[in-house]
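Only one structure is covered here, and it is reproduced in the block below.
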Amino acid sequence: MRVPIAVRVALFALVVMGVYTYFANSIPQIESRPPQELSLEGGNVTPAQLVRAGQEIFRTKGTCEVCHRVGQAGARAPDLAGIGARAAQRKPGMSAKQYLIESLLQPNAYVVEGYPPIMPAVDRPPIGLNRSEVWAVVAYLQSLGGTVDVTLNDIPPTVGAGGGATAAAAEVKVPGDPKAGRAVFTGKGGCVACHKAGDIAGAPVGPDLSQIARIQTPEYIMRKILDPKGAGTVAGFPAGVMPQTFGQTLTAREYTDLVAFLLTLK
Amino acid sequence: MNDPRMVCRWGGALLALAALVVLAGVLPAGAQEAAREPAYRAFPVFGSRLAVWAVAQLHLNFAAFILGCPIFAVIIEIIGWRTGDARYDWLAREFVKLTFAAYSTTALLGALLLFLFVGYYPRFWAYMTSIFFPTYWVYALLFFAETFVVYLWYYGWDWLAGARKWIHVGLGVLANLLGTAILFVANAWVTFMVSPGGVDEAGRLVSLWGAINNFTWMPINIHRLLANIVFGGTIAAAYAAFRFLAAASDEERARYDWMGYVGNFVAISAFIVLPFAGYWLGFEIYQFNQTMGITMMGGFMSWLWIVQAILIGVLFLGSNYYLWLGMERIPGAERYRKYMPPMLLVLTVGFIIWATPRTMVLTFEEARAMGGTHHPFLGLFGVMSAKNTVVNLMILTTFLSYVLYRRANKESVKPWAPVGKLVQGVTFAVAAAAVVAIGVLGYYVESGVRVLRLSPLQVLVVLVTIIVVMAIDIPMFRGARSTGAIRWGAIAPRSQYVLILLAVTFTWLMGLMGFARSGIRQHWHVYGVLRDTSPDAVTPALGYAANVITVITVVFFALVMFIFWLGGLGERGKAKAPAPAPALAGGSHPPA
């Protein structure tokens, strides 16, 4: 039986594409996942937890490993082994943590000789680390041969406040009343039982929310209220304490008012 | 307009255009609405990303074909007009006919893509509209103008023949200029997503021209323009190959053999310079954002370039093999057979080196046994110096194949021909040695020097070689003595499968590069400005991407075959036109 030309050509094309597809499936499969937001503000974070969080950010959201290695020289950026001790000697009159913070936020202020000035500011998009994350990365870098003494207060409050996605998030208008939301926070919602929020004193069971709108996206805040477990627990705080029932106990109006109030906390 | 096909085609194109214009008109209201609506909606079953991916890639494939094919169609028409050879005029018309058949499908896919964006990515689309709204009108007007001119070009072929041919050629040139302008407008949107410019840190528009003329706009313009020509050429050649294989007579076989040759010749000519445009694009990505460049080449996408190297290697090998098979139907070509084995060796070694990965995913024991993640020997070839060197050598080799093909049945009668050939040979040898020497030097300099100085120098060496050799070749073989006529149609059938291989590979490669261009944005709709917060924000692994690309390519070819079949329906039952007669087997001299 003679196979029609169209069938032969189609089979040939399918075999060719099949080979390419097979090969592409047989090599290492690497996905790129969006980074998770980390919030450590107001938490009782130990230095060890901070360093661990910083190491994770260094490898993932910070994309530091694209150019930097620890214990291995690279052509694009310096080896960071021992940077915790070396940082104090980089610039006269500057402590290790001051130098590291400056290196992350203003990378071109001091460029190590022999390397190109290619490092982006880590608190700007597309990396866009928030204040907690910069804090954790500095702690991790200090731990590489030095002493971890950085505190959240060492990180400028403006870090992570501007640019791209963050700015876009700040522009989101929630159709709620912040004043009414404040009442929900202190009243029906009972949030004050565990959270401090600006001038509202609360028990330190959960994180201090005084700057929550600066360090978190509206999407995260809205999700956290409705699904606290799914949104994750801030490091240093006990998991499973926040009620899962706000979606049922709050009315839609109360919910949007509460979110509108939280978005005023910067 | 009495031709029902014509009415139907006009209707399809105008419908698509009307949809575009109407949508463009309502978009500002839609954008405001979108701010109150969810940022995303979910496309049923497949998900929004996959739906947009598939339709965008299909639209891109068709658009590349209808933009690339007319470029070389008008060049061929001009050759036919100036030489008076009717074969070229017939061929140009045949190519435009293929374009024509795909025109409405391209427009409809574009409209469908727009619907998907508006419906499933409303916040993203509202943002893009806030930046590019004025350009929508430019795009719509250009689209209308191009449609009008292309239809006039195609249907006015006989009407504007003879003394009015210059007007017809002018229409062809105008159609291409309008098509290129459309490409440039659409590229502004796409490249803005990769390397946004003209906006402040909050993403608000500061300068529309800055948004258009962003870092990657012009490199993509040039790269796509060249790639479209290659794509159009390979698809047209594959069409000719199919017709050759299905041909019922020697005359038909000869005609489509020649058509396949011309399509492939145009494709190779543009393909040879395509890597240079690609290099420029990569360079500009690094200039825009080092992190993006490094992520692209050395991060999670690094293995994609190995797959790309294999595909381009196949294109190089296939293109050369086709030329060598074609020489078998040229009397006098036997003289050059001895050059083929060394050329094959260079191409094969180049292929292998280009496809060598820099690092491998290994177990700890395997890495220890090898002495690290970099192989002590093969690791040397997995770097830019080696890869750029072999790519340039492969380009030189392909060019040499073409030079030999061109002179296969010619003997120069110029008295200075021996000196000319010697100079050409020395130029090739010096160029190859220089490319290798620069490549070796690349191992001993810092990356900045390698990227900014040495790689462009290698490119320059190859380009100068092409110019010098052709500057000698053209006068040397002008009025040359023929050793025999090309036996069109007498080529081995497997050569036609090579043409199909090239078309399939290039289409698949376009899909892969589309994935690369979108993938380097990672979890950003507009890099660093508008974040992708949808459930699809994960950039998938290469295997998944390959599966999607294959399905899209299959659908594309199925649609192309269907459209070409539809286009051919009108000819059934009609008397064969006499125009193709000059392309009979045994045509007197090689084209181009």
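Values in this text are rule-based calculations from the coordinates and carry no lab data. Values in this document were obtained by computation on a predicted structure and should not be read as measured data. Neighbour counts run over all protein chains shown; Cβ positions are idealised from the backbone, glycine included.
Counting, for every residue in A:7-17, the Cβ atoms of other protein chains within 10 Å of its Cβ and taking the mean gives 6.
Here the dipole of the protein assembly as shown is about 1720 debye; that uses its Cα centre as origin and unit charges on the Cβ of Lys and Arg (positive) and Asp and Glu (negative). Protection proxy ranking, highest mean first, for peptides B:342-348, B:137-143: B:137-143, B:342-348, where packing is the per-residue count of other beta-carbon atoms within 10 Å, averaged. Averaging Cα coordinates gives a centre for the stretch A:172-201 and one for the stretch B:401-460; these two points are 73 Å apart. Backbone amide hydrogens, once placed in the peptide plane, bring B:His525 within less than 5 Å of B:Leu530, B:Arg531, B:Asp532, excluding anything fewer than 5 places away on its chain. Neighbour counting of Cβ atoms within 10 Å sorts the residues B:Asp257, B:Asp532, A:Asp149, fewest neighbours leading, into A:Asp149, B:Asp532, B:Asp257.
Put a dot 7 Å past the Cα of B:Val45, heading toward its Cβ, do the same for A:Val70, and the two dots end up 4.9 nm apart. When peptides B:222-228, B:120-126 are sorted by average Cβ neighbour count within 10 Å, with the highest value leading, the order is B:222-228, B:120-126. Counted residue by residue at 0.36 nm each, then reduced by the alpha carbon distance between them, the extension gain from B:Ala558 to B:Ala202 reaches 123.7 nm. Across the stretch B:241-247, rounded Karplus estimates of 3J(HN,Hα) from the backbone phi angles (6.51 cos²θ - 1.76 cosθ + 1.60, θ = phi - 60°) give 4, 4, 5, 4, 5, 8, 5 Hz, Gly and Pro being marked x.
Ordered by the number of other Cβ atoms lying within 10 Å of each residue's own Cβ, fewest first, A:Met1, B:Met327, B:Met292, B:Met218 fall into the sequence A:Met1, B:Met218, B:Met327, B:Met292. In µm²/s, what is D for the protein assembly as shown at 37 °C and 0.692 mPa s, where D = kT/(6 pi eta Rh) by Stokes-Einstein and Rh is the Kirkwood radius from Cα pairs? So the translational diffusion coefficient is about 108 µm²/s. Going from the residue with the fewest nearby Cβ atoms within 10 Å to the one with the most, B:Val190, B:Val314, B:Val430, B:Val526 rank B:Val430, B:Val190, B:Val314, B:Val526. Converting phi to 3J(HN,Hα) with the Karplus coefficients 6.51, -1.76 and 1.60 and the offset θ = phi - 60°, the stretch B:464-474 yields 4, 4, 4, 5, 4, 4, 6, 4, 7, 5, 4 Hz in sequence order, with x at every glycine or proline.
Computed from phi, the 3J(HN,Hα) profile of the stretch B:191-208 under the Karplus parametrisation 6.51, -1.76, 1.60 (θ = phi - 60°) reads 6, 4, 5, 7, 9, x, x, x, 10, 7, 5, 8, x, 7, 5, 10, 8, 5 Hz, with x in place of Gly and Pro.
For the residue pairs B:Lys165/B:Lys410; A:Lys179/A:Lys266; B:Lys338/B:Lys387; A:Lys61/A:Lys196; A:Lys196/A:Lys224; B:Lys338/B:Lys421, the C-alpha atoms sit more than 20 angstrom apart in B:Lys165/B:Lys410; B:Lys338/B:Lys387; A:Lys61/A:Lys196. Each Lys and Arg adds +1 at its Cβ and each Asp and Glu adds -1 at its Cβ; summed about the Cα centre, the stretch A:47-166 shows a dipole of about 80 debye. Between A:Phe23 and B:Ala433, the distance separating the two model label sites (each 7 Å from Cα on the Cα→Cβ line) works out to 3.4 nm.
Residues whose amide H comes within less than 5 Å of that of B:Gly156, counting only those at least five positions distant or on another chain, are absent (H built at 1.01 Å from N in the peptide plane). The amide H of A:Ser39, built 1.01 Å from its N in the peptide plane, has A:Ala235 as neighbours under 5 Å, considering only residues 5 or more places off or on other chains. Computed per residue of chain B from DSSP H runs no shorter than four, each worth -39500 (n - 2.57), the mean residue ellipticity at 222 nm is -25000 deg cm²/dmol. Relative to the Cα centre, the charge distribution of chain B, modelled as +1 at Lys and Arg Cβ and -1 at Asp and Glu Cβ, gives a dipole magnitude of about 1100 debye.
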